[in-house]
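Okay, so here's the structure we're looking at.
The values are calculated or read from the model by the stated rules, or taken from the named source; none is laboratory data. Note that the structure is predicted; figures quoted are calculated from it, not measured. Cβ placement follows ideal geometry from the backbone for every residue including glycine, while neighbour counts extend to all protein chains displayed. These area figures cover heavy atoms from the full protein model, side chains too; ligands, DNA and RNA do not enter into them. Shrake-Rupley method; radii C 1.70, N 1.55, O 1.52, S 1.80 Å.
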Amino acid sequence: MSILQVSTSPVLTPIARSPGYWSGVVRRVSRDPVAMTALFVIVALILMAVFASSIAPADPFKSAMLRRLKPIGTPGFPLGADELGRDMLSRLIYGARLSLLMGLTPVPIAFIIGSALGITAGYVGGLTNTLIMRTIDVFYAFPSVLLAVALSGALGAGLTNALVSITLVFIPPIARVAESVTTQVRSLDYIDAARASGAGAFTIIRVHVLGNVLGPIFVYATGLVSVSMILASGLSFLGLGVRPPEPEWGLMLNTLRTAIYNQPLVAALPGAMIFITSIAFNVLADGLRTAMDVKS
Amino acid sequence: MLFYTLKRFILTVPVAIGVSLVCFLLVHLAPGDPLTAVLPTDASAELQAQMRTLYGFDKPLPVQYGLWIWRVLHGDLGQSIATGRPVISEVFNAVTNSLVIAAAATLIGFVLGSLLGIVAGYYQGTWIDRAASLISSLGVSVPHYWLGMVLVIIFSVQLGWLPATGGGPDGSGNRSFEWNYLRFLVLPAVTMSVIPMGIIARSVRALVGEILTQDFVQALAAKGLTERGVFRHVLKNAAPTAFAVMGLQLGYLLGGSILIETVFSWPGTGFLLNAAIFQRDLPLLQGTILVLALFFVFLNLTVDVVQSAIDPRVQRS
């Protein structure tokens, strides 16, 4: 007994893994100065959102008619005041909370649902594939902005409805990518080998399929984050997302639209924040894509 | 070719039916009774029941869908609750207006995007490529509704060169090729063009890069063809896909024009959608979305068929 234990234990200890694919990806991304700058901007924005209450110099809700539409550089109002006399800097800082929440939440949720649908359709095939993918095709047939506006318009304005709409918009494209990658992987020899060795469907998906398909789906989904940011703020801009007086960049851009004649720079600030966030995510996604593409 | 067209057409039918089903169900997704917007809050139960019968809301959903689609196939999208006018005529006018800027934007985006993409693809890895790619990255990352505001601030508010909002000098909705009308088109079209510009530039860059690595390019160069001659071959190979991307962009722009139309108060489909949503004018909402989505479906079909006609490689894949 004891001999047996001694003899098997070295086999049971996991072999130290050779530096894998993902550590290579991380290494390549970390050597890309452009992608790292983008990551730095994103981290800074997230920190700004988390610590908004300690960073913001003033109450983002406190309005005063006398201070309406102050220009940038007004003493006490470094970035001016909005149409209700609220401190722009504080509102922009607090705005990161809802804007990032709205822009960032839909993609991971859509990633999970879309991947699950696509992998199931791709792996099971047959009638299941037809049912799932033809339904997906119908939603994919709508231009994304139109679908988001139509859904949130029908559901009614509000944060949750906007989140649901944007998530629904991203499920079809992710599912399509997941399905096509899974179909490719499924026909490879090692899947046949696993099936021949008696592995069940779940084991094969978990061990052999997921590891090979999640990467490409992930790369595709990261590219959607910037679209999601623009779309989420866009819904608020239309009045379909966050309600006033909450600080949110898209909504702030909308309420400041009439101010373009008096304080154009102040009016353009919230949009600049959306732009910075969106481009940072886009650049990081590009960096990831390059780093994950082993061929190039 | 004919077989492919037919097959592609048959595949489109279920999608179109699905799209109509989604548009139909949208109304029933809406919270509350679809009639609340039309009726006064103190309407008697009798009147409510009467109206329900009038609009057909008392029938089971499948029957309602059948009746609705029957009317739609006969060109009747119902009546707008807010204005009482037929939805079809409202949508038709709006689509025409939206198509004007979407087409102009696609054209601008295609020309600039192709130029950027070709240059970037040809000089891949150099600073020219990086500069061109940066511009296309900016194009796809910019919140276009904000860009619209910035352009209005610069060219209307500060410089006073172009009108800030509106669809024309007299609001009559007339179209003409005079500068007086066209100048209203400039800012919305330019704003909208950054999206197709970025996307087309990216696709063309990837295309050109891929074509340049193919053997036939080397063969052409080896047989002594001038660089310009080789370039022409590369363009010919990239063109079908580039045109396909452009075609689809037109559809995306038309469907996504609501944000830009809101910024510029342009009297198109976006404006109509906005009105329909906030007045809870459900027939108008349903009709507008249906027309836009079906337009996109058939545009997809057309692009596929045309692309396969000019590029036989598509059919084989």
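Charging the Cβ of each Asp and Glu at -1 and of each Lys and Arg at +1, and nothing else, the dipole of the protein assembly as shown about its Cα centre rounds to 1080 debye. Taking a sphere under 13 Å around the Cβ of A:E179 and counting the other residues whose Cβ falls inside, with K and R at +1 and D and E at -1, yields a net charge of +2.
Listed by chain and number, the lysines placed with their C-alpha closer than 27 angstrom to that of A:K62 are A:K70; residues fewer than eight positions away on the same chain are left out. Under the rule a/c < 1.5 gives rounded, and otherwise a/b versus b/c splits prolate from oblate, where does the protein assembly as shown land using the Cα gyration tensor? The shape class here is rounded. Computed from Cα positions, the angle between helix B:87-122 and the longest principal axis of chain B comes to roughly 20 degrees. Other residues whose C-beta falls under 14 angstrom from the C-beta of A:M36 contribute a net charge of +1, scoring Lys and Arg +1 and Asp and Glu -1. Electrostatic bookkeeping for A:S63 treats Lys and Arg as +1 and Asp and Glu as -1; over the other residues with beta carbon under 15 Å from its beta carbon, the sum is +1.
Provide, for q = 0.15, 0.18 Å⁻¹, the log10 of I(q)/I(0) from a solvent-free Debye sum over equal Cα point scatterers in the range B:87-316. Summing over Cα pairs of the range B:87-316 leads to -1.03, -1.27.
When the charge dipole of chain B is built from unit charges on Cβ atoms (+1 for Lys and Arg, -1 for Asp and Glu) and taken about the Cα centre, the candidate among B:A201, B:I88, B:L292 whose Cα reaches farthest toward its positive end is B:A201. Here chain A is treated with +1 on each Lys and Arg Cβ and -1 on each Asp and Glu Cβ, and its dipole about the Cα centre works out to around 240 debye. Only the Cβ atoms of Lys and Arg (+1) and of Asp and Glu (-1) were treated as charged; on that basis the dipole of the range B:87-316 about its Cα centre amounts to roughly 540 debye. As a rough guide to protection, the peptides B:238-245, B:211-218 ranked by mean Cβ packing within 10 Å, highest first, stand as B:238-245, B:211-218.
For the peptide A:223-235, the mean number of other protein chain Cβ atoms found within 10 angstrom of a residue's Cβ is 3. With the simple spin-label model, which puts each label point 7 Å out from Cα in the Cβ direction, the A:A194 to A:R134 separation comes to 2.9 nm.
Within the assembled protein chains, the solvent-accessible surface assigned to A:T105 is about 40 Å², based on a 1.4 Å probe.
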